[in-house]
Structure formats: structure tokens, C-alpha cells
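Contents: one structure, followed by commentary.
The values are calculated or read from the model by the stated rules, or taken from the named source; none is laboratory data. Here the structure is a predicted model, which means the values were calculated and not measured. Here Cβ is always computed from backbone atoms with ideal geometry, including for glycine, and neighbour counts include all displayed protein chains. Remember, those area values only see protein heavy atoms, side chains included, never the ligands or the DNA or RNA. Shrake-Rupley method; radii C 1.70, N 1.55, O 1.52, S 1.80 Å.
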Amino acid sequence: MTRRVVVTGLGATTPLGADVDSTWAALIAGKSGVRLLTEEWRELLPVHFAARVHTEPADQMERVEMRRLDRSEQFALVASREAWKDAGSPDVEKERLGVVIASGIGGVITLLDQYDNLKEKGARGVSPHTVPMLMPNGPAANVGLELQAKAGVHTPVSACASGAEAIGYALEMIRTNRADIIVSGGVEAAIHQLPMAGFAAMKALSTRNDAPERASRPYDRDRDGFVLGEGGGILILEEYEHAKARGAKIYCELVGQGLSSDGYHIAAPDPDGAGVQRAIKFALANANLSTKDIVHLNAHATSTPAGDVAEANALRLALGSDIDRVAVSATKSMTGHLLGGAGAIESVFIVKALQERLAPPTINIENLDPAVTVDVVRDKARALPAGQIAALNDSFGFGGHNVVLAFATL
Amino acid sequence: MALSPADVLAGLKEIVEEVAGVSASKIELDKNFTDDLEVDSLSMVEVVVAAEERFGVKIPDEAVTDLVTVGDAVNFIVNAAK
């Protein structure tokens, strides 16, 4: 007997809003969360903008708590608290409660700030909180501690696929009866001159400094790279019978996941998209869905010249002519790219899209790239059909990691 | 430079409040850092480093284990500054 997994709570802190409701409202309205950076160091870089969170953690938590948490850990706690409350603060055995929260880079801001301290003040100047703050499992560990989760606390790391991989890992934990409830998702806090200089050196970032809010433009002919974002998203995943027994609000079902790797290049996408196609097929098989069931897809589409087209081609090859019935949204056009948080906030968006029967828009497409042959939801949100429907979330990471999650209405 | 116990206590209150979020009104000489004020081992390291900077004294690691109460810390710092 397969244990089914449903979503019973959502939380988020993003460039568009302090929580899920405000983020979703801005997303559906087609707002951009991208802004010029205010720091002086921006002048050292070819890129002067990013998508910072809409609301600083300082407005959402106590100062003393904040000072021993990396920014990524702060995002994780803010979003988890919202999600846990949204799920009705379930009364669950701690041995049946787990946490799987990813980050692509971990506490990189702490690492670099403390290195500055070391150089300036010597070893005594390095905070004793440095290691718990910089470790990539820190966000998961802090949420696990707060909720006293004892079924397992995990952190998959696969660059920009990390958040989706965490949700998939959580799905398996519940299916295999390791837990009844998992707090799952991903966070990222890497808006700092060093990681930005690194991405810029790869020519991965947009340099549209004269129009930051128009810089993230997946599928547009003149896209020139992604926009770095920060924040995170959390889903409370729960075994279906457990959720029903406590009368929980159930958003939808997480019906499956597909995983693959390219074996092609450390950063460039495989132009044939063979790995992506396999991940999609695995996800459909794992979810027991047919290509005809899919009505919406939140694409990875980061606004890089090569990646967007490679993904669109792979979608057509994997779904065949049924891709013509899929409303494809590239929400990074509004949020920027949250790296390890991306797959998580985009899963939150899919859950909301199924609930509201509304696919979010893709903004900033002035001239659709003719090489993109999928049905992109442009400019305005689009209604999704009634009845039982399903949607996919694509996430890919440097290293050639491909993760596809499948969600469906109950 | 000699320091008065009252000055050291006042300074320690500020440090412990800043580092561990304990209200200064709760910080008294007989209070135990770990049990009464919930200053954990990592925060205690921060308190020690901040106290060294503020009072211009050295507090060696082997001495820290003996600083059980706020009064122990005040005495150590006053003596070290003599």
C-alpha cells in the first residue's frame, strides 16, 4: 500500500513579499522583485542589481536570535514558521517529524564576513558561531531544533536544483514510512560581492544595469543572463491519512519526482536536453501520470541564452504534442534566481497555481525567441482548467543535476 | 588600571544582554551563567572575548571553566586588571 503525500502548509520569504500571500499577489500582478543594490561594492562588479528579499529578517525575528544565524538560516526559520502555522501547528510525534531543507551555497556571507574578521582582528575575532552559521545544513538544522524533529534532518546539495531535490527527498521519507510530516524546501542568501563576481565571471548574470527590473527575461530574444535572488520557500508535506485524520487543510498532492544527471558539462546545459527529458519521463512514471494530465509547468528558465532554449526543446521532446496544452510559466522573470531556494519557491507557486487554478505570468518578454516553441504564459496570469489537473516543476543545477516534481489536485 | 566591581558588573550586564539577549535586570552576582542565564558554551566564548576587549584584560581558556557565576567573572576581571 503506497503512502500518499499531500501538501498541508506553505511558507515563503521572497523578493516579492514577506510571506506566501503577498508574494503570490505580486506574482500574479506581474511585479518585479529586482532592484539596484545599495551597497558601494556594486561598483566593483559588472552587475549592479539583484533581487533582495522584500522584507528584511530583522522585521520578522528577534535581534538576539538573528545574530547567531546566517541570513540563509534566518530565511529558513521565517518561512518555516509561516508554513508550520499554516499547517495548523500539527501535533505530531517528534520521532515522526523530519526536516529536509536545502541551500545551494550555504552560509557564504558568514564565511566571508568572518574571514574579514580574521584578517582584521586575528583568530580571537572569529565568532564561535561561525561554523554552525556557515554549514549548508544550518538552515535545516535550526528548523529541526526549533520543532524538535527527530525522524531525520537532511540537506541535499545540487546547486540550483537543491530546493526541488529536498522536496523530493522529503517525499521519499514519507513514502518509505520514515516520517508522517516533513518540513521541506530550500533557501539561499548569496547576495555578496564574491559569489556575484564568480557568477559574473562565468558570464551567467545579466548586466542590464540601466533597467534592473527588466533584466530577468526568460524566453526573450535579448536575454543576457540570470538575476541573483535571495529568500526561500517551505512546504509542509504530510502523509495523506495522517492529514485527513487531523482534519488538516489539504492543498494538493505531491505525486512524484524524477531525477537524472546530464554527464555533460559542469555548468553548460546539454543542448539535446536528454537528461531533462529523462527526468520528466521518470517523474510522470513515478507519479503515475500521462502527458495529457499536465496543464501547467513552472520552468527552470533562468533567462540565460543557452539554458532556456535547451529546456524548452527538452519539454517538447518529452511531452510530445501534449506540450501545446501546457501553460508554461517562468517566474524567475519576477523573483530572480534563488539558486537553492528556486525549486522550493517555485513549488510553492505550483501549489498555489493548482489551488487558485491560475498560472502566473512571465514578464519582460518583448520579443519571444523564435527558438522557444512552448506555450509561454506571457504578461498576464492565465486560468487553468477545472477538474483533476496536474503540474510539473523543473529545476536544474550546475553539475548537470535535473529534478522534476509532479503535483496534482486531489 | 584598577576597575571597581560595580563598573565591571555594569559592563558585563551590557555584554551579556547584547550577546545572549538576557535582560540586564536579571544579571546579578550570584547568577549562574549556564543554569540561570542560559548562556551556552558558544555564547560564553563571545562574552569572554567582548569582556577582554572592553576591560583590557586577558581571560585564558583554562580560567573560563571556573567562571561559573557572574560574581566569579567580576572577581576575575577586577583582579586581572590590578
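Here is how the numbers come out for the structure above:
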item	result
Conditions (1) within 14 Å of chain A (Cβ to nearest Cβ); (2) in a helix (DSSP H, G or I): number failed by residue B:77	(1)
Residue selected from the stretch A:224-260 under the condition in a loop (DSSP other than H, G, I, E, B), open to solvent by 20 Å² or more (accessible area, probe 1.4 Å) and not hydrophobic (A, V, I, L, M, F, W, C), by the criterion nearest to residue A:200 (Cα to Cα)	A:224
Tally, over the stretch A:43-64, of residues that are surrounded by 14 or more Cβ atoms within 10 Å (Cβ to Cβ) and either farther than 16 Å from residue A:227 by Cα or free of Cβ contacts under 8 Å to residues at least 12 places away in the same chain (or both)	6
Residues of the stretch A:393-410 that turn out to be among the aliphatic types (A, V, I, L, M) and over 13 Å from the mean Cα position of the chain (by Cα), as a count	3
Some residue of the stretch B:35-42 being farther than 12 Å from residue B:77 by Cα, away from chain A (no Cβ under 14 Å) and surrounded by 14 or more Cβ atoms within 10 Å (Cβ to Cβ)	yes
Number of the exception - residue A:263 against (1) on the phi < 0 side of the Ramachandran plot; (2) open to solvent by 10 Å² or more (accessible area, probe 1.4 Å)	(1)
Enumeration of residues in the stretch A:84-141 that are assigned to a loop (DSSP other than H, G, I, E, B), among the small types (Gly, Ala, Ser) and away from chain B (no Cβ under 14 Å)	A:87, A:88, A:89, A:104, A:106, A:107
Identity of the residue in the stretch B:1-23, without any contact (Cβ under 8 Å) to a residue 24 or more places away in the chain and away from chain A (no Cβ under 13 Å), that ends up surrounded by the most Cβ atoms within 10 Å (Cβ to Cβ)	B:13
Only one of A:117, A:177 that is surrounded by fewer than 21 Cβ atoms within 10 Å (Cβ to Cβ) and at positive phi	A:177
Odd one out for residue A:207, checked against (1) part of a helix (DSSP H, G or I); (2) touching a Pro at 6+ places or on another chain (Cβ under 6 Å); (3) not aliphatic (A, V, I, L, M)	(1)
